[in-house]
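The next block holds one structure in the form of structure tokens; read it before the comments.
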Amino acid sequence: MAELTYREAVAVGIAQEMRRDPAVVFLGEDVAGAGGVFKTTSGLLEEFGPDRVVDTPISEQAILGAAMGAAMTGLRPIAEIMFSDFFAVCWDFVANEIAKMSYMTDGMVGCPLVIRSGNGAGLRFGAQHSQSIENWAMAVPGIKVVAPSTPADLIGLTAASVRDPDPVLLFEHKALYPTKGEVPDGEIVDELGTARVLRHGSDATVVALALMVPRALEAAERLAADGIEVTVIDVRSLVPLDTATILDSVSQTSRLFTVEENPRLCGWGAEISSIVGEEGFWDLDGPIVRITTPHLPLASAPNLEDLALPDADRIAVTIKATLG
Amino acid sequence: MPLSGAGYGEHQAVLPQPFDESLKDAPIDLDVRIELFRKQHQIRQLEKRIYDLFLQGFVRGTSHLSIGMEAIGAAFGAALRPHDYSFATYRGHGHTAARGVGPEPIIAELLGKATGLVGGKGGSMHLASAEQGMMGCYAIIGAHLCIANGAAWSARVRGTDQVAVAFFGDGATNIGAFHEAVNYAANYRLGTIFVCENNLYMEYTPISEVTPVTHPAADRAPAYGMDATVVDGNDADAVYLAARAAIERARSGGGPSIIEAKTYRHGGHSRADPGQYRPDDEVQAWLEHDPIPMYHQRLLDLGVGEDRLAEISGEVAAEIDRATEAAKSAPEPAAEELWTNVWADGGSQWRN
Ligand SMILES: Cc1ncc(C[n+]2csc(CCOP(=O)(O)OP(=O)(O)O)c2C)c(N)n1
Ligand SMILES: [Mg+2]
């Protein structure tokens, strides 16, 4: 066991896979010489050299196109899109090209690649550098989507994503980079499509993702002090989605809350709510409640950004008020 | 073999050419030059203050300073007419100030205050003041070059002679939007002026490591049937002359221009980046190729008194001090502001 930051875990995960498989290459803006603008990829250039760790121009389309072409022809590329907001300038490659290759070729050509990106708010970066876009990705058939919340999960899900034969968008949460967590020694390989139950309680099920996970856990502590015991589930993987773990928990607690950083409309929690509404309806004792960022762009002023995102307080108050 | 031509982390220092002393005799009115001096001071002192406020913990989020690059914004600020349009990047404090926005709303915006230029919604990367023709600062690289074309087109359709200027970095020349925008403007002879502030670096990577031509903007111009001008971006007179010519051409229906202004940022890319990826001799040479003391000397050589220059820089300093105090004591945005101005009706409602 070692304690690592989420930031350090990025390079640990990538290096683990690059050591294992010479087909794994890594490209992005400022990722090599500078070690990444979030200092997440330091040391990779030194260890793996400039053939496999590539500093690119500011050319997101060229980055994803190169990753795709390389993936179609035998490599296992990891591409970085620095801030997830920048997916908007290369979305053709995600939505029309990468996502559809396997299907359009009837399984003849696959795209085993990973696109990592800094997602989410909390750093006062304003409307164009703070978005939570995992729901954009989730809306495209043919793309897998993961968003780890701890250093160990980040390493394990990076490995699982690299080894997966399909394209995976891996969202790192920018506000989690300085956070720390225990990481087991040796190789870490996790599994896509698995949620994790982090806390058990019989009064309600609370599902959260990325930065919302620690906040949901903190809310759960506060609720426990008031005698309300909730189960907290880290969804971790949106596509594929571990509906079994969520439905199983709801069958025991009879209540469901989602805690989502994405703006409300069509957020990932809406899909989970719909599934539970259809398949877990008779287990529910009350309405499903979604706790989300309002359907707004994000402001840069600290107090406005804080007001927009769900925090432990709002989560706890909402759950308590709903449970009555 | 690295994919790019340059050795990783071992790039050559790119040194400035000496200032062109003959520009002293350029046909620029003295009152314009005084304005260029003032605007450069406004930007330098504003940016220095912002840096101090950042170090003191008042500026959260990010900030990208243009210390060392002031001559470009100042020159365009002086050359444009009030109704012309500017489009800048996240490195846009200077361009905003150059269009006549005072320091108080800029500093307040960076401090996340209610009195900020855009009420705290935008922050350092998103200053805008439509009234002054400052049509915004854009933080997704490339977009605003295309948007500036739209403003130039609109001016033509509306029958005005307004021009649109897009400022962008060397790194922006490698995104598709740059090429789309330049081709589009050239094809339709739009009154767009593309101003590349070539400060040699993207964030932490030298432009030379990822670009096969020496002048990332100017060398691409011939591909779109355009001429380009390369100027010393640290000489306000040089930039002013280029700006004046490009603006005149755009106004008279002569079409777009590309100006590549060679410059350097004294500090890092953003916030506390110390910029250590840059060779020492390069940093040193560019610190000496500073637009502000050079211009001071040029005005002295032109017969402007030291006392006059000191008076101007003193006025600017007092204004920045006043602005800082006002911004610091301003309130945070009210909570209700979170919900305003998503829609043109001022609100954000999406359901009944
Ligand atoms: C589409 C897009 N890709 C990447 C970035 C991240 N980014 C912000 S500034 C920057 C460097 C830009 O360099 P340059 O164009 O030379 O402008 P400078 O910052 O030097 O003024 C990068 C890569 C971005 N904002 N938008
Ligand atoms: Mg640059």
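The values are calculated or read from the model by the stated rules, or taken from the named source; none is laboratory data. Computed from a predicted structure; not experimentally measured. Positions of Cβ are generated from backbone atoms using ideal geometry, with glycine treated the same way; all protein chains shown enter the neighbour counts. Accessible surface is based on the protein model in full, side chains and every heavy atom, while ligands, DNA and RNA are left aside. Shrake-Rupley method; radii C 1.70, N 1.55, O 1.52, S 1.80 Å.
How many Lys pairs in chain B lie less than 26 angstrom apart by Cα atoms, where the lysines are 8 or more positions apart or on different chains?
Within chain B, the lysine pair count is 13.
Calculate, in nm to one decimal, what B:D20 and B:F58 gain on full extension: separation in residues at 0.36 nm each, minus their alpha carbon distance.
Separation in residues times 0.36 nm, less the Cα-Cα distance, equals 9.7 nm.
State in Å² the accessible area per residue of the protein assembly as shown; use a 1.4 Å probe, count heavy atoms of protein chains only, and round to the nearest integer.
Here the per-residue accessible area is 38 Å².
Percent of accessible area on the stretch A:114-212 owned by carbon and sulfur, 1.4 Å probe?
C and S fraction of accessible area: 52 percent.
Give the calculated FRET efficiency between A:A2 and A:R314 to the nearest 0.05, with a Förster radius of 22 Å applied to their Cβ-Cβ distance.
Computed FRET efficiency for A:A2 and A:R314: 0.05.
How high is the FRET efficiency between A:F281 and B:A130 when r is their beta carbon distance and R₀ equals 56 Å, given to the nearest 0.05?
For A:F281 and B:A130, the calculated efficiency is 0.65.
Please give, to one decimal in nm, the separation of the simple spin-label points placed at A:K39 and B:S252, each 7 Å out from Cα toward the Cβ.
Result for the modelled spin labels: 5.4 nm.
Could you give the dipole magnitude of the protein assembly as shown about its Cα centre, charging the beta-carbon of Lys and Arg +1 and that of Asp and Glu -1, in debye to the nearest 20?
For the protein assembly as shown, the charge dipole is close to 1180 debye.
Antiparallel as a % of all DSSP beta bridges within the stretch A:196-323, to the nearest 5?
20 percent
Rounded to the nearest angstrom and ordered from largest down, what semi-axes does the equivalent ellipsoid of the stretch A:219-324 get from its C-alpha gyration tensor (root of 5λ)?
Over the Cα atoms of the stretch A:219-324, the semi-axes work out to 24, 18, 11 Å.
In what order, largest first, do B:T229, A:T73 sit by accessible area if the probe radius is 1.4 Å?
A:T73, B:T229
Restricting attention to the alpha-carbon atoms of the stretch A:96-230, what are Rg (one decimal) and Dmax (integer), both in Å?
When restricted to Cα atoms, the stretch A:96-230 yields Rg and Dmax of 17.1, 57 Å.
In the stretch A:112-132, what residues drop by 20 Å² or more in accessible surface going from the chain by itself to the full protein assembly, probe 1.4 Å?
Residues passing the criterion (a loss of at least 20 Å², heavy atoms only) are A:R124, A:F125, A:Q128, A:H129.
Suppose we keep just the DSSP beta bridges with both residues in the protein assembly as shown; what percent of those would be antiparallel, to 5?
15 percent
Which sequence of B:R33, A:R124 reflects their accessible areas, 1.4 Å probe, from the largest down?
A:R124, B:R33
B plus A alone minus the pair: what accessible area, both sides summed, probe 1.4 Å, in Å² to 100?
3200 Å²
What number do you get for chain A when its Cα radius of gyration is normalised by 2.2 N^0.38 Å, N = residues?
The reported ratio for this selection is 0.98.
Give me the percent of the accessible area of chain B that comes from carbon and sulfur atoms, probe 1.4 Å, all protein chains in place.
With neighbouring chains kept in place, the figure for chain B is 52 percent.
Ignoring everything except DSSP H segments at least 4 long, calculate the 222 nm mean residue ellipticity for chain B; use -39,500 (n - 2.57) per segment, divide by total residues, nearest 500.
Helices in chain B give a 222 nm mean residue ellipticity of -12500 deg cm²/dmol.
Counting pairs of Cα atoms in chain B, how many percent are more than 26 Å apart?
49 percent
How about the stretch A:178-215: which GluC sites (Glu not before Pro) there are in a DSSP loop, with at most 15 other Cβ atoms within 10 Å of their Cβ?
The qualifying sites are A:E187, A:E191.
Considering every residue in B:115-123, what mean count of other chain Cβ atoms within 10 Å of its Cβ is obtained?
Mean number of neighbouring Cβ atoms from other chains: 5.
When a/c reaches 1.5 or more, the comparison of a/b and b/c decides; with that in mind, is the stretch B:10-118 rounded, prolate or oblate per its Cα gyration tensor?
Oblate shape, in that a/c is at least 1.5 and b/c is the bigger or equal ratio.
Answer rounded, prolate or oblate for the stretch A:1-85, using the Cα gyration tensor with square roots of eigenvalues a ≥ b ≥ c: rounded when a/c is under 1.5, else prolate when a/b is larger than b/c, else oblate.
oblate
Compute and list, largest first, the equivalent-ellipsoid semi-axes of the stretch A:2-183 from the alpha carbon gyration tensor, each √(5λ) rounded to a whole angstrom.
23, 19, 16
Restricting the count to DSSP beta bridges whose residues both fall in the stretch A:2-183, what percent are antiparallel, rounded to a multiple of 5?
15 percent
How much length is gained on full extension from B:N352 to B:Q284, taking 0.36 nm per residue of separation minus their Cα-Cα distance?
Difference between extended and current length: 18.3 nm.
In nm, what is the difference between 0.36 nm times the number of residues separating A:D21 and A:C266 and their Cα-Cα distance?
84.4 nm
In debye, nearest 20, what is the charge dipole magnitude of the stretch B:34-328 about its Cα centre with +1 on Lys and Arg Cβ and -1 on Asp and Glu Cβ, if you could check?
So the dipole magnitude of the stretch B:34-328 works out to roughly 1080 debye.
Please give, to one decimal in nm, the separation of the simple spin-label points placed at B:R81 and B:D31, each 7 Å out from Cα toward the Cβ.
Between B:R81 and B:D31, the simple spin-label model gives 1.7 nm.
Distance from the Cα centre of the stretch B:191-241 to that of the stretch A:267-316, in angstrom?
Measuring centre to centre over Cα atoms gives 47 Å.
Along the positive direction of the dipole of chain A (beta-carbon charges: Lys, Arg +1; Asp, Glu -1; about the Cα centre), which of A:V189, A:I288, A:S161 reaches farthest?
Of the options given, the answer is A:I288.
Would you check the stretch A:2-183 for Lys pairs whose C-alpha atoms are within less than 25 Å, ignoring same-chain pairs closer than 8 in sequence, and give me the count?
4
For the stretch A:2-183, what is the charge dipole size about the Cα centre, in debye to the nearest 20, if Lys and Arg each add +1 at the Cβ and Asp and Glu each add -1 at the Cβ?
200 debye
From the square roots a ≥ b ≥ c of the eigenvalues of the alpha-carbon gyration tensor of the protein assembly as shown, which class results: rounded (a/c under 1.5), prolate (a/b over b/c), or oblate?
Prolate, because a/c is 1.5 or more and a/b exceeds b/c.
Could you pull the accessible area for A:D55 with a 1.4 Å probe, rounded to 10 Å²?
Spelled out: A:D55, probe radius 1.4 Å, area about 10 Å².
Can you find, among A:Q61, A:G33, A:L170, the residue sitting farthest towards the positive end of the charge dipole of the stretch A:2-183, where Lys and Arg contribute +1 and Asp and Glu -1 at Cβ?
Final value for the positive-end residue is A:L170.
Bin by bin, in steps of 10 Å, what percent of the Cα pairs in the stretch B:175-308 do you find, going until the bin that has the longest distance?
Using 10 Å bins, I get a P(r) of 11, 33, 32, 20, 4, 0 for the stretch B:175-308.
Taking the dipole about the Cα centre of the stretch A:52-186, with the C-beta of Lys and Arg at +1 and of Asp and Glu at -1, give me whichever of A:T73, A:N135, A:G110 is farthest to the positive side.
A:N135
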